[in-house]
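Presented below is the structure to which this report refers.
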Amino acid sequence: MIRKRISYKNLLLRASLVLQACCVLGGRMHAQSTTTFGVTVFSNAGVYAHDKAQVGIMSDVTNNGIFGSVPGSVVNMGGAKWTNGNGSSLPDELGIASFSGVGGVFRFISNNRPQSVVPNFTLAGRTGVSFPNLAINNPFGLTLESDAHIRNNLHFENGIIWINGNNLLVGTTGPGTITGYSDKRFVGTGNTTRGGFLYRSKVSGASGNVVFPIGPQAGSYSPLSIMYNATTPQDIHVRAFDDVYSAAFIGTKGSPLNVQQTWMIGQEDTVSVASILALQHMEAREGAAFTAHRGDSYVSMYDFVKRAWDTLPPSGVGPGSITSTFPPLGNAFVNTRALNAIGLTTYLTKSTHLAADSLVIGKGALQPVRQPDGSFVVTFQFFVRNEGLYRADSLEVLDSLDKVFKTSMSFSVSSVAATGNLKPNSGFDGVTSTNLLLKTSTIAPNVTDTITLVLNVRTSGKEEYYYNTAVVQGVLNGFNNSQYLFKNHSVNGFAPPLPGARPVPTPVVLTEAKYVMPQGFSPNGDGVNDYFIIGNLGNAKASLFIFDKNGVYVYKNNNYKNDWDGTNNQNVGGGLSNQKIADGTYFYKAVITDTATGKQETYNGFISVWK
């Protein structure tokens, strides 16, 4: 549909955009150049992409007029370059002079060449042209040739947006939204000590956790998130580069104690605002000493008064969770730090201690044991070790089971046990009470203690895979008798991991029962339920063992064929061999081997016998 700033007839004549009839009705529009110069919207012309319109442009675009859009419309830009001229605009559904609505999506898409855009925006004065929403689906990337402003949403489908020494502002009266980001889809700030920034507009305490998905170059995704406790909103800007200098941005570089990366963050003025930052780095950026002592790492800030990077107690590391994808990135790590102020520009990096306090935790899962009622006994073992120099107090091992065993299933805690000075929490349920230990738990230096957690899990009846990660944290008496909270995530295995090992979830596989065990039978010769029948046994090889409540065997057969009629085949006292066993409850163990695959399964349970 056309907004008639001039007559519909003159607009078609003046603009080099070919509009199909379906576009006028709000359907699909494919606009292609009518000359070798590409698509042009002239300064006294206007074009609107309306609801559900899918506009396809396969050549360069020069917008000198009005290119409006409404929610639901998508302008697919397949050309090499989009240019917004002086005096142009990209308004939204509220009118040709409105920039406060939702608007449509300007989507840069190509699978065979890089693209560029001249937004014609100036960050310093917050003037010029702004996109309502912008999306990128280009593995070769999109390059900014001036500052840019996206009023609402920036969405990544594929590729990197290179700011090319310019600045990219997202949001207007708030930080806007950025979605779809990952280690392959982010804002590329460039690998230099000076350059452009990613800005989020008007961040405050009400904004929650605000993510800056940035990275200096391909393969060096290094996002930062901030919880900014400001009552008066401020623009926050962030960039990163792949080096650490002894004096922030000059001097020697390459210390093996550091992640080879520097983050720069700033706000609009020097007002002190408390904030919590989370910085994520890729494993490939770590110095050799940092990797060896990753568990003792922390976020370091450059002090321009002391002219040195500051030193803190270890903060511990978490998995690479600053991503829109799932699960967290396996080769990335997050450290956090609280700041009282970030100022106009603050330089941050990550460092570690060669000898410091460190808590590590390994977590392994024993083979689940299927029960006669179809549920499983699942046993987790935790191996907690204090690798540091000082005792850890108020020790906690946190495990949120409702985030693991969910959907159409249920679980209950059978028991929690612990060794040493670890005190088990009998009230642990994995939902409302997630600490396996009491707060009085402690662990001495160079000591390993264990926790055993036994669950009963009832599944939906089909094979399911579950992944579980625990967290260990405690108060450590660190350097100069200071106290601080140390935190680390678990690594899969039946031993404590080395300090600095990256978190690895513990897998549990619960398979549906292939063979069905009976709960009882009546061997009285009436032709009904006279035998111990293993359902679905077929040609599988089975060994069956039956014993009474005293553990005395009454039946053994290593080649069982569903033919036990309750006769005792063991030489027991009293002449009971070859006679029917007495009515009552007995216990069984069945070992069944699939002759086709060689897979062996063991079933344990009880059986009721009555005649």
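The values are calculated or read from the model by the stated rules, or taken from the named source; none is laboratory data. Since the structure is predicted, the reported quantities are computational estimates derived from the model, not experimental observations. Backbone-built Cβ (ideal geometry, glycine too); neighbour counts: all protein chains shown. With ligands, DNA and RNA removed, areas are computed over all heavy atoms of the protein, side chains included. Shrake-Rupley method; radii C 1.70, N 1.55, O 1.52, S 1.80 Å.
Listing for the model above:
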| read-out | value |
| --- | --- |
| Surface share of carbon and sulfur [accessible, 1.4 angstrom probe, percent] for the chain | 53 |
| Trypsin sites (Lys or Arg not before Pro) within the range 167-249: DSSP coil, no more than 15 neighbouring Cβ in 10 Å | Arg194 |
| Computed over the range 535-611: relative contact order in percent, which uses C-alpha pairs under 8 Å that are six or more apart | 30 |
| Eligible lysines near Lys350 by straight Cα distance, threshold 23 Å, same-chain separation 8 or greater | Lys184, Lys253, Lys306, Lys487 |
| Loop-resident sites, the range 523-611, for chymotrypsin sites (Phe, Trp or Tyr not before Pro), counting at most 15 other Cβ within 10 Å (DSSP) | Tyr531, Trp610 |
| Sequence ranges 168-179, 432-443, ranked by mean other-Cβ count within 10 angstrom, highest first | 168-179, 432-443 |
| Rounded to 5, the percent of DSSP beta bridges in the chain classed as antiparallel | 65 |
| Helix-derived mean residue ellipticity, 222 nm - over the chain, DSSP H n ≥ 4, -39500 (n - 2.57), to 500 | -500 deg cm²/dmol |
| The chain: relative contact order in percent, alpha carbon pairs under 8 Å with at least 6 residues between | 7 |
| Loop-located chymotrypsin sites (Phe, Trp or Tyr not before Pro) in the range 108-196 whose Cβ has at most 16 other Cβ within 10 Å (DSSP) | Phe140 |
| Per residue convex hull volume, Cα atoms of the chain, in Å³ | 218 |
| Long-range amide H partners of Asn492 with built H, under 5 Å | Lys363, Val504 |
| Built amide H within the under 5 Å cut-off of Lys423, gap 5+ | Leu438, Ser441, Thr442 |
| Amide proton proximity set for Phe121, modelled H, under 5 Å, gap of 5+ | Val129, Asp147 |
| Per residue accessible area of the chain, 1.4 Å probe, in Å² | 43 |
